[in-house]
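Asks: Quick one: structure below, then a few questions.
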Amino acid sequence: MPAEWVRHEATWLSYPKNPDSWPGKIETIYPSYHLFVKTLAEGEQVHINVDDEAMLLHVKAELEAIDCNMQNVILHIIPTNDAWCRDHGPAFLLNRKDAAKRALVNWNHNAWGGKYPYELDTEVPVHIAEALGMEMFSPNIVMEGGSIEVNGCGDLITTTSCLLNKNRNPHLNQDQIEGYLRDYYGVENIIWLGDGIVGDDTDGHVDDLSRFVSEDTIITAVEEELWDENYEPLQKNLKMLNRCRLANGKQPTVVELPMPDVVFYDNQRLPASYANFYLANGKVIFPTYRCLTDNEAAYILEACFPDREVVGIDSTDIIWGLGSFHCLSQQMPAL
């Protein structure tokens, strides 16, 4: 599995339509979501899964209304339960020996330990493989795209709180899970972190915590306020990263990324994090939360990606669904 910064042919999305994911305010997410699609379509194809012909026509009209480049938008009738394509979509692989070959991994999906309905979502990779005529591997274990992060050079970051959680693969121990990671992502070295952030219903997805920004550099979320519930777990993860080694034996450079102000809605703390950014062709699309640290996060990301445009899109309403732009998207590398 190549790093996210490798040039994409396309990004895959599943159109949000489940009101249970954004109780009482799903309509508020669409301006930011449609802007996300428009921004993606400026530099690559965007494949969007929709439930039926009526939804297809609706989505097409909504995107045309904001002058989205529709030549780069492909709509597929692939029904889903929810919008989190990072987790129910496939992982795309490139063949090391033949650069003209690509395949995908059809991991099982159980809605983060059976928390929500998932009977449609778990079939999405099969439908995508059929639509693309692409070779498919099926490990037959639960794995979510947001639970892992790779640099394309043999290294993978994940968390014990998620991958070792008994609500995923209770029949597997850590060594066995590492075997699947090596076999199906093509990695050698696995870096384990601990717990995720408060409000995250995925049991600690790494894409809210720590991300590769180059082959040997990791950006990681830190909380500076001692009183905050996220302070201790994020400090522990920072220490783990500062002690770890990459597959090449070197210590990675670790860049600290601040956490935004606390985001509450309906008396619930939400998993707002700048680490949930998405690397599109030529761009870094990151979530903003209407606070002063939005600018600080933008400056840090600009320093990490000097050759990319850093685009902030308001995620204050989207995060009520307990995820943001990285959770919503899945990259398909170009051949």
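Asks: For the stretch 304-314, does any single residue satisfy the condition of being assigned to a strand (DSSP E or B), aliphatic (A, V, I, L, M) and either in contact with a His (Cβ under 9 Å, 6 or more places away or on another chain) or more than 19 Å from residue 13 (Cα to Cα) (or both)?
Replies: yes
Asks: Quick test of your reading of the structure: residue 7 fulfils all but one of (1) touching a residue at least 40 places away in the same chain (Cβ under 8 Å); (2) surrounded by 16 or more Cβ atoms within 10 Å (Cβ to Cβ); (3) more than 22 Å from residue 287 (Cβ to Cβ). Name the failing condition by number.
Replies: Status for residue 7: all satisfied but (2).
Asks: Within the stretch 259-290, track down each residue that is of a type outside the set (Asp, Glu), surrounded by fewer than 17 Cβ atoms within 10 Å (Cβ to Cβ) and at negative phi.
Replies: 264, 265, 268, 269
Asks: Of all residues in the stretch 14-45, how many are aliphatic (A, V, I, L, M), closer than 16 Å to residue 84 by Cβ and touching a Ser or Thr at 6+ places or on another chain (Cβ under 6 Å)?
Replies: Residues that pass the stated criteria total 0.
A quick yes/no check of all residues on (1) small (Gly, Ala, Ser); (2) under 20 Å from residue 276 (Cα atoms):
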| residue | (1), (2) |
| --- | --- |
| 178 | no, no |
| 183 | no, no |
| 191 | no, yes |
| 205 | no, yes |
| 209 | no, yes |
| 229 | no, yes |
| 247 | yes, no |
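Asks: If you don't mind, there's one more thing I want to ask. Among the candidates 156, 181, which residue alone is without any contact (Cβ under 8 Å) to a residue 60 or more places away in the chain, within 15 Å of residue 107 (Cβ to Cβ), outside any loop (DSSP other than H, G, I, E, B) and touching a Ser or Thr at 6+ places or on another chain (Cβ under 9 Å)?
Replies: Checking each option against the conditions leaves just 181.
Asks: Show the residue pairs meeting these rules: Cβ distance below 7 Å; 6+ apart or different chains; first residue within the stretch 103-123 and surrounded by fewer than 16 Cβ atoms within 10 Å (Cβ to Cβ) and among the basic types (Lys, Arg); second residue assigned to a loop (DSSP other than H, G, I, E, B) and modelled with pLDDT of 95 or more.
Replies: What qualifies is 115/201.
Asks: Let me ask something else. Which one of these is under 30 Å from residue 170 (Cα atoms) and under 16 Å from the mean Cα position of the chain (by Cα): 117, 90?
Replies: It is 90.
Asks: Any idea which residue in the stretch 209-228 is farthest from residue 115 (Cα to Cα), counting only those that are of a type in the set (Asp, Glu) and touching a strand residue (DSSP E or B) at 6+ places or on another chain (Cβ under 7 Å)?
Replies: Going through the stretch 209-228, the residues of a type in the set (Asp, Glu) turn out to be 215-216, 223-225, 228.
With the extra rule that they be touching a strand residue (DSSP E or B) at 6+ places or on another chain (Cβ under 7 Å), the set shrinks to 216, 224.
On the way: 216: 35, 224: 31 Å.
Filtering the stretch 209-228 for residues that are of a type in the set (Asp, Glu) and touching a strand residue (DSSP E or B) at 6+ places or on another chain (Cβ under 7 Å), the one farthest from residue 115 (Cα to Cα) comes out as 216.
Asks: Could you run through the stretch 125-141 and say how many residues are buried (at least 18 other Cβ atoms within 10 Å of the Cβ) and touching a Phe, Trp or Tyr at 6+ places or on another chain (Cβ under 9 Å)?
Replies: Qualifying residue count, the stretch 125-141: 2.
Asks: Right, another one. Given the structure, is residue 129 at pLDDT 95 or above, closer than 24 Å to residue 15 by Cβ, under 17 Å from the mean Cα position of the chain (by Cα) and aliphatic (A, V, I, L, M)?
Replies: When the stated conditions are applied, residue 129 does not pass them.
Asks: Provide a single number: the residues in the stretch 238-292 that are charged (D, E, K, R), closer than 30 Å to residue 72 by Cβ and not in a strand (DSSP E or B).
Replies: Start the filter on the stretch 238-292 by keeping residues that are charged (D, E, K, R), which leaves 239, 243, 245, 250, 256, 261, 266, 269, 283, 290.
Applying the additional criterion that residues be closer than 30 Å to residue 72 by Cβ yields 283, 290.
With not in a strand (DSSP E or B) added as a condition, the list becomes 290.
Total satisfying the criteria: 1.
The values are calculated or read from the model by the stated rules, or taken from the named source; none is laboratory data. Everything quoted here is computed from the prediction, not taken from an experiment. Using ideal geometry, Cβ is built from the backbone for each residue, glycine included, and neighbour counts are taken over all protein chains shown.
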